[in-house]
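Taking it in order: structure first as structure tokens, then the write-up.
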Amino acid sequence: MICDFCHEREAVIFMEQMTGIGQRRKINICLECAIDRGISPDPKSIESSIGNLFKELSEVSKKITEKENRICPVCGTKLGDIRKTGKTGCPECYAIFKNEIRKSLENNGVKGVFKGTMPARLSTVHSVLNDRVILQNKLNDAIEREDYEKAAMYRDYLKALENHAVSDGSDCGKEED
């Protein structure tokens, strides 16, 4: 079994907790993570260190749940549903959950980038919605990297896209006469 904390090494310590309502919770932990969390074979300190361990695992579990409940703003599909079914709700899900989908594919042995061709009937399709999702992702990345100059540029591009109606057929890149 794999460690519930690092998700990399083989677990060597296996614990089970019973809650007051009869639910069981299991923890698998590797030796390195056990040492990092202060678990030792000393009977005097093991009780408090195990209590802290379950609190920490609970916090990790909450973060995973929050990540799985992320929703595509276009179609409303949850990341957890995509993982369960292997199907996205719309094409924008691929851009929004790009890293998670790529990691899932790599875990299933699919690596690399698609190198096929686009069907001729779709080659001229250009979606403002795709541009918006891409720019929003770039904006978020720039903010995370604290590159505020690029973030401001992406913000301005997003504002420009929002000022043009998507359904009127106009091209956002052209200036009006």
* Asked: Just for region 81-116: of the residues that are of a type in the set (D, E, K, R) and closer than 18 Å to Asp131 by Cα, which one is modelled with the lowest pLDDT?
  -> Glu92
* **Number of positions in region 142-177 that are at pLDDT below 70 and within 21 Å of Asn130 (Cβ to Cβ)** => 11
* Asked: Asp131 versus (1) at pLDDT 85 or above; (2) part of a helix (DSSP H, G or I): which is the lone unmet condition?
  -> (1)
* To do: Might you check whether a residue that is assigned to a strand (DSSP E or B), surrounded by 10 or more Cβ atoms within 10 Å (Cβ to Cβ), at pLDDT 80 or above and of a type in the set (Val, Ile, Thr) occurs anywhere in region 29-36?
  => yes
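Results for (1) modelled with pLDDT under 80; (2) of a type in the set (S, T, N, Q); (3) surrounded by 14 or more Cβ atoms within 10 Å (Cβ to Cβ), shown as yes or no for each residue.
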| residue | (1), (2), (3) |
| --- | --- |
| Arg9 | no, no, yes |
| Ile21 | yes, no, no |
| Asp42 | yes, no, no |
| Ser49 | yes, yes, yes |
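The values are calculated or read from the model by the stated rules, or taken from the named source; none is laboratory data. Remember, predicted model here, so these are calculated numbers, not experimental data. Please note: Cβ atoms are built from the backbone with ideal geometry, for glycine as well, and neighbour counts cover all protein chains shown.
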